[in-house]
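K.L.:
Here you go, one structure.
The values are calculated or read from the model by the stated rules, or taken from the named source; none is laboratory data. The structure displayed is predicted, hence computed values, not measured ones. Positions of Cβ are generated from backbone atoms using ideal geometry, with glycine treated the same way; all protein chains shown enter the neighbour counts.
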Amino acid sequence: MRYRKITPYLFILPMVTGLVVFRYYPIVSVVVNSFRRWQMPAPPYWIGLGNYREMLGSAQFWLVTKNTFAFAGLYVPGVVIGALAMALLIHQKIPGISFFRGLFFMPYITSMVAVAMVWNWIFATRFGVLNHFLKIFFHVTDPIAWLADKRYALLVLIIVSVWKTMGFQMLVFLAGLQAIPRSLYEAARVDGATGWQVLFRITLPLLSPVTFFVVVNSIIQAFRTFEVTYAMTQGKPLYASATLAYYVYENAFRFQRMGFASGLACMLVLFVALVTLVNFLFKDGWVHYQA
Amino acid sequence: MTARSKRLKIAVEWTLMYLLLSFFAFITIFPFLWMLMTTFKSSRAIFAIPPVWMPDKLFKPGMWDNYVTVFTKHNFIRYTFNSFFVSFMAALGQLITCSLAGFAFARMEFRGKNFLFGALLATSMVPIEVTIIPEFLLMIRLDWINTYLPLIVPSFLTGAYGTFMLREFFANIPRDLEDAAAIDGASVFRIYYSVFLPLAGSALVTLFVLAFINNWNALLRPVFYISESHLRTLPLGLMAFKGAYESQWHLLLSGSVISILPLLILYIAAQRFIIEGIATTGLK
């Protein structure tokens with residue numbers, strides 16, 4: 001195939017334009033703006049590290065940060081364990097399995113706002129069906145205010161998020177399971193290994209690179225949580241369910257504090273980078289690659 | 001082990017597995033079921049204590065009342081149209097942009113190729129929640145607020161995942177096809193357009209469907225860019241509806257069903273593409 005020198009650049013031109021305008025310019029700009037005070041519609045001016053100083057001294061920022069880590073700390077194991085269990089089940093060759101696979105993935109493709117609506121209704125205090133179940137089966141007579149109680153609101157958001165994204169990570173695990181050579185299982189069977197031995201000695205170690213991928217990916221998902229918060233609690237009660245990405249939105253869009261919100265966005269990236277770095281440091285301890 | 005005890009063991013295993021599968025299936029399906037059932041209830045029935053399981057309007061005259069109300073009185077026809085339009089345009093744009101770039105990265109040599117490809121992939125590490133503020137300020141300056149443009153153009157032009165996926169696909173197409181077309185005197189664009197694109201049919205469908213779903217469900221950009229009622233997409237319209245009709249659950253959930261149903265139909269129709277697309281590229 002012969003072409004002029006400029007031709008390849010014409011092919012990638014739309015993508016490079018998008019990359020520069022909507023990805024790289026905003027990344028640079030968000031860092032620059034984090035050193036400015038920018039209370040819209042007033043013009044911005046430099047304040048150096050002022051936004052960061054304000055954050056570190058703000059109890060609200062620390063509460064939101066704590067919530068974000070708590071969210072990740074429960075969401076990630078929830079998704080990993082749930083998705084792995086589902087994938088191990090779906091991997092079995094029994095009749096009707098593709099129906100279940102299709103079903104388990106379904107929440108992932110539905111709109112968060114739409115499902116948040118029904119979850120709000122399920123978790124409703126007086127008329128909610130969950131409190132009704134709790135009353136019948138566990139004799140919890142005082143209805144729990146799931147969304148208004150600061151002990152539970154964040155937990156509810158985590159449960160809904162896990163429910164919604166588990167099906168996606170299940171598919172990733174499933175692809176990993178299908179890549180494990182069958183000969184290993186046959187050898188194990190000949191040697192008389194039990195089901196649990198096969199799981200812990202063959203399946204999980206060989207799946208560990210996939211598990212690592214799922215963990216890293218889920219952490220990023222956890223830190224960028226916005227939709228479920230926006231649709232269900234809006235950070236209420238008193239920021240008890242607000243996480244960083246939601247806090248960025250609130251400061252930028254509701255309070256028009258573009259500089260401060262940019263600083264928050266930078267902290268978000270910093271936290272994700274730190275956690276991912278820690279992940280990579282501990283990787284050798286549990287992730288095994290096939291030679 | 002005798003044949004009979006072996007069969008017994010398999011029966012026990014299957015029963016156990018189906019029990020576990022049913023448990024997960026129940027958790028998955030219950031919210032959807034409860035949503036659907038509530039939409040066939042009257043406003044009186046939803047606030048019954050204890051909750052009634054059987055919707056009081058199901059298979060009775062006026063069964064579809066809630067849907068009719070939501071569609072005709074609350075602008076959901078318009079929201080549905082907006083969602084369709086925006087998702088379709090953005091997904092179509094991704095196909096064009098990603099297939100052009102994917103073709104160049106897979107089939108041509110040029111200076112800065114690896115650097116540019118790396119720069120593209122690196123962006124998938126930075127979520128849109130971080131870059132939304134400068135993007136918002138940019139849209140204000142372009143005067144694109146309250147138009148369809150900010151919902152379409154950014155995802156039209158960016159697509160690290162799609163470019164990566166199509167590059168992989170194009171790279172695996174045998175060189176002979178390319179050479180044969182070149183000998184016949186076809187231009188590069190012609191080779192891309194009439195040889196490579198038709199071959200990539202299933203990959204293009206996968207990418208289109210995934211992009212359509214993402215844009216259909218997108219919330220962050222509409223929240224920032226759209227405040228006028230007639231431009232709202234379904235998720236945004238649903239949020240506004242919730243703000244105005246707090247606790248009218250039979251109507252709110254009818255709105256939810258309306259915004260889920262088109263995607264559900266698409267999902268059932270294109271399930272193979274979606275699941276394969278994620279299973280094969282989610283890993284790399």
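K.L.:
Taking region A:2-47, which residues are part of a helix (DSSP H, G or I), polar (S, T, N, Q) and surrounded by fewer than 22 Cβ atoms within 10 Å (Cβ to Cβ)? Spell out how you get there, then give the answer.
P.N.:
Pass one, region A:2-47, residues part of a helix (DSSP H, G or I): A:7-33.
Okay, now just the ones that are also polar (S, T, N, Q), so A:7, A:17, A:29, A:33.
Matches in region A:2-47: A:Thr7, A:Thr17, A:Ser29.
K.L.:
Would you check which residues across region A:104-120 are aliphatic (A, V, I, L, M) and at the interface with chain B (Cβ under 7 Å from one of its Cβ atoms) and list them?
P.N.:
Taking region A:104-120 first, the residues aliphatic (A, V, I, L, M) are A:106, A:109, A:112-118.
Passing the criteria: A:Met106, A:Ile109, A:Met112, A:Val113, A:Ala114, A:Val115, A:Met117, A:Val118.
K.L.:
Would you check if B:Ser227 is in a loop (DSSP other than H, G, I, E, B), of a type in the set (S, T, N, Q) and within 12 Å of chain A (Cβ to nearest Cβ)? Even if it seems obvious, please write down each step before you answer.
P.N.:
On the way: in a loop (DSSP other than H, G, I, E, B): yes; of a type in the set (S, T, N, Q): yes; within 12 Å of chain A (Cβ to nearest Cβ): yes.
Here the answer is yes, as B:Ser227 does meet what is asked.
K.L.:
Also, quick follow-up: Checking A:Lys93 against (1) more than 8 Å from chain B (Cβ to nearest Cβ); (2) under 30 Å from B:Leu236 (Cα atoms); (3) without any contact (Cβ under 8 Å) to a residue 12 or more places away in the chain; (4) not aromatic (Phe, Trp, Tyr), which single condition isn't satisfied?
P.N.:
(2)
K.L.:
Further question on the same structure: Is it the case, given these coordinates, that A:Ala245 is over 19 Å from B:Met239 (Cα atoms) and either more than 11 Å from chain B (Cβ to nearest Cβ) or small (Gly, Ala, Ser) (or both)?
P.N.:
Numbers: over 19 Å from B:Met239 (Cα atoms): no; either more than 11 Å from chain B (Cβ to nearest Cβ) or small (Gly, Ala, Ser) (or both): yes.
Against the criterion (over 19 Å from B:Met239 (Cα atoms) and either more than 11 Å from chain B (Cβ to nearest Cβ) or small (Gly, Ala, Ser) (or both)), A:Ala245 does not qualify.
K.L.:
Of all residues being of a type in the set (S, T, N, Q), farther than 16 Å from B:Pro262 by Cα and crowded, with 16+ Cβ neighbours inside 10 Å in region B:70-99, which is farthest from the other protein chains (Cβ to nearest Cβ)? Just the residue, please. Talk me through it step by step, then tell me what you get.
P.N.:
Filtering region B:70-99 for residues of a type in the set (S, T, N, Q) gives B:72, B:75, B:80, B:82-83, B:87, B:94, B:97, B:99.
Remaining after also requiring farther than 16 Å from B:Pro262 by Cα: B:72, B:75, B:94, B:97, B:99.
Narrowing further to those that are crowded, with 16+ Cβ neighbours inside 10 Å: B:75, B:94, B:97, B:99.
Working: B:Asn75: 15, B:Gln94: 10, B:Thr97: 5, B:Ser99: 9 Å.
For region B:70-99, the residue satisfying everything is B:Asn75.
K.L.:
Let me ask something else about it. Among the candidates A:Leu184, A:Leu134, A:Leu130, A:Leu171, which residue alone is within 25 Å of B:Glu276 (Cβ to Cβ), at pLDDT below 95 and within 14 Å of chain B (Cβ to nearest Cβ)?
P.N.:
On the way: A:Leu184 fails: within 14 Å of chain B (Cβ to nearest Cβ); A:Leu134 fails: within 25 Å of B:Glu276 (Cβ to Cβ); A:Leu130 fails: within 25 Å of B:Glu276 (Cβ to Cβ).
Just one listed residue meets the conditions, A:Leu171.
K.L.:
Still on this structure, I have one more. Criterion first (crowded, with 19+ Cβ neighbours inside 10 Å and either within 16 Å of the chain's Cα centre (by Cα) or not in a helix (DSSP H, G or I) (or both)) does B:Ser247 satisfy it? First the steps, then the outcome.
P.N.:
Numbers: crowded, with 19+ Cβ neighbours inside 10 Å: no; either within 16 Å of the chain's Cα centre (by Cα) or not in a helix (DSSP H, G or I) (or both): yes.
In short, no.
K.L.:
Here's a follow-up. Those residues that are farther than 23 Å from A:Ser218 by Cα and either part of a helix (DSSP H, G or I) or not polar (S, T, N, Q) (or both), I need them from region A:83-99; list them, please.
P.N.:
Taking region A:83-99 and keeping what is farther than 23 Å from A:Ser218 by Cα, we get A:92-99.
Hits for region A:83-99 are A:Lys93, A:Ile94, A:Pro95, A:Gly96, A:Ile97, A:Ser98, A:Phe99.
K.L.:
So which residues in region A:1-31 are more than 8 Å from every other protein chain (Cβ to nearest Cβ) and touching a residue at least 40 places away in the same chain (Cβ under 8 Å), if there are any at all?
P.N.:
A:Val31
K.L.:
Can you list the helices (runs of 4 or more DSSP H) lying wholly within region B:107-205 that have 2 or more residues being surrounded by 17 or more Cβ atoms within 10 Å (Cβ to Cβ) and under 22 Å from the mean Cα position of the chain (by Cα)?
P.N.:
On the way: elements: B:113-122, B:128-142, B:149-157, B:160-171, B:175-183, B:188-191.
In region B:107-205, B:128-142, B:149-157, B:160-171 are the helices (runs of 4 or more DSSP H) which contain 2 or more residues that are surrounded by 17 or more Cβ atoms within 10 Å (Cβ to Cβ) and under 22 Å from the mean Cα position of the chain (by Cα).
K.L.:
Could you figure out which of (1) assigned to a helix (DSSP H, G or I); (2) free of Cβ contacts under 8 Å to residues at least 60 places away in the same chain isn't true of A:Tyr108?
P.N.:
The one condition A:Tyr108 does not meet is (2).
K.L.:
Criterion first (within 9 Å of chain A (Cβ to nearest Cβ) and of a type in the set (Lys, Arg)) does B:Arg141 satisfy it? Steps first, answer last, please.
P.N.:
Values: within 9 Å of chain A (Cβ to nearest Cβ): no; of a type in the set (Lys, Arg): yes.
When the stated conditions are applied, B:Arg141 does not pass them.
K.L.:
Of everything in region B:27-59, what is without any contact (Cβ under 8 Å) to a residue 24 or more places away in the chain and either assigned by TED's automatic domain parsing to the domain that holds B:Ser256 or among the β-branched types (Val, Ile, Thr) (or both)? Give them in sequence order.
P.N.:
Within region B:27-59, B:Ile27, B:Thr28, B:Ile29, B:Ile49, B:Val52 meet the criteria.
K.L.:
Output the number of the condition that A:Met55 fails; it satisfies all remaining conditions of (1) assigned to a loop (DSSP other than H, G, I, E, B); (2) touching a Gly at 6+ places or on another chain (Cβ under 8 Å); (3) not hydroxyl-bearing (Ser, Thr, Tyr).
P.N.:
(1)
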